[in-house]
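All of the numbers you see were taken from the coordinates with simple rules; none came from a lab. All values derive from a computational prediction rather than experimental measurement. Neighbour counts are summed over all protein chains in view; Cβ atoms, including those assigned to glycine, are modelled from backbone coordinates with ideal geometry.
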Amino acid sequence: MDCPDNEPERNEAVQHQRCRRRGGHRNRGAGFAFVGEAGARRSERGGARGRAELGSETEFATDEIAAQELYWLEERISGGETPTAFGSNNSGTGVGGSTLHWGAFVPRPDPRDLSVRTEFGAGADWPVSYKELLPYFEQVEDFLGVSGPAVYPWNTSRQYPLPAVGLNAPAEAMQRGFGAIGLRTSAAPIAAVSRDYERPGYPIRHACVNRGYCHQGCRNGAKASMDVTYLPVAVSAGAEIRADSFAHGLEMGNDGRIAAVVYEHEGVDVRQRCRAVFLCAGAVETPRLLLHCGGRDGSGLANSSGQVGRNFMAHVATQVWERSPRRCVRIRDSQPR
């Protein structure tokens, strides 16, 4: 958010269009981090929604129950024929958003994924090719510090900045099992550093120690969550991150442009005037906030096409589980001692 000043207005009567309180945004993750970092480097003033300080990764508890504070677990309602389940898998409430508890798996798309209409006669082709996107994949992988195999078996031309992170004990057991039945395996590309790593703008990040609590926050900064990568760069360039703030209103000025953002902080509504707004709340909360804010004709902000909130697709994942007659294998069996 590009702000004409950094002084918010508290307890001021909200003017013009005001959202109903049902819509809101409390994520401060990957969507904002890239925009905030780029915007801060190009502007003298910037605003963000998160903590006033980035905090320390050592705050993360090695405990699944205690780590629930990273998730948005308040009631959210999804309808339709295929409602989306909300909870810990698709939300985040700390500085870094859901990247604080993501698994750091960063597969690139297969080139055919971008031309499914041409290849398979379904869906639609992307307007850009894999070749056009490749330099951006490599740029982000270098900045984050992606670790991967020296030879990726399904695309031998692919290279990663760092060698693969060592397999933990359960992964080693599964690898032996797959090898026994003749199936090929490979270490996965993950956004966690396999050795100490630093890039301009953020301090050194220490190598992954296979702690095994990626979904509860990384305690040594090995995992490339936004709080240890793009956000430190944004802050050093002048961005301001505001703590524990829940954006729920977008005010329109008489010229039809957004004039202010309204957010709640410690039970008080705060109004921040702005020149420009980047709404980076993910595939669920971005359209919900736009639709709840109504706009001049009640159809939602930025919705002249009528497509805001439509064509939604959930991110799916496939997990494979193994049952073994051998003793229980624990992640910490492979941790350094």
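What is the set of long-range amide H partners of A247 at a cut-off below 5 Å, with H atoms built 1.01 Å from backbone N?
Hits under the 5 Å cutoff: H25, E264.
In whole percent, what relative contact order does segment 53-203 give with Cα contacts below 8 Å and a gap of six or more residues? Mind showing how you got there, number by number?
On the way: 155 pairs, mean separation 27.0, N = 151.
Reported as a whole number, the value is 18 percent.
Sticking with the crude label model, points 7 Å out along Cα→Cβ, report the distance from W321 to T62 in nm, one decimal please.
In this crude label model, W321 to T62 measures out at 2.6 nm.
How much space per residue, in cubic angstrom, does the convex hull of the C-alpha atoms of segment 238-311 take up?
For segment 238-311, the hull spanned by Cα atoms encloses 112 Å³ per residue.
Specify whether the C-alpha gyration tensor of segment 137-228 places it in the rounded, prolate or oblate class, a ≥ b ≥ c being the square roots of the eigenvalues: rounded for a/c under 1.5, otherwise prolate if a/b is larger than b/c and oblate if not. Write out the running numbers ahead of the final one.
Working: a/c = 2.86, a/b = 1.46, b/c = 1.95.
Oblate is the answer for segment 137-228, as a/c is 1.5 or above yet b/c matches or exceeds a/b.
Please list 3J(HN,Hα) in residue order for segment 271-288, calculated via the Karplus relation 6.51 cos²θ - 1.76 cosθ + 1.60 where θ = phi - 60°; whole Hz, with x for glycine and proline.
Values per residue, Gly and Pro as x: 10, 10, 5, 7, 9, 8, 10, 10, 8, 10, 10, x, 5, 9, 6, 4, x, 5 Hz.
Can you order the peptides 168-176, 207-215, 73-81 by their average number of other Cβ atoms within 10 Å per residue, highest first? Intermediate values should be presented prior to the final figure.
Details: 168-176: 15.9, 207-215: 18.6, 73-81: 9.1.
Output ranking for 168-176, 207-215, 73-81: 207-215, 168-176, 73-81.
Can you tell me how segment 90-140 classifies by the Cα gyration tensor, rounded, prolate or oblate, using a/c under 1.5 as the rounded cut?
Working: a/c = 3.13, a/b = 1.92, b/c = 1.63.
Note, shape of segment 90-140 comes out prolate.
Specify the inter-centroid distance of segment 99-178 and segment 222-246, based on alpha-carbon positions, in whole Å.
25
Label 7 Å along Cα→Cβ of E119; segment 138-168 residues with amide nitrogen under 14 Å?
Only 154-155 fall inside the zone, counting backbone N under 14 Å.
If a/c stays under 1.5 just call it rounded; otherwise compare a/b with b/c (prolate if a/b is bigger, oblate if not). Do that for segment 180-220, with a ≥ b ≥ c from the square roots of the Cα gyration tensor eigenvalues.
Working: a/c = 3.31, a/b = 1.95, b/c = 1.69.
It comes out prolate by the Cα gyration axes.
Name the residues whose placed amide hydrogens come within less than 5 Å of the amide hydrogen of A164, ignoring near sequence neighbours (fewer than 5 apart) on the same chain.
G148, A150
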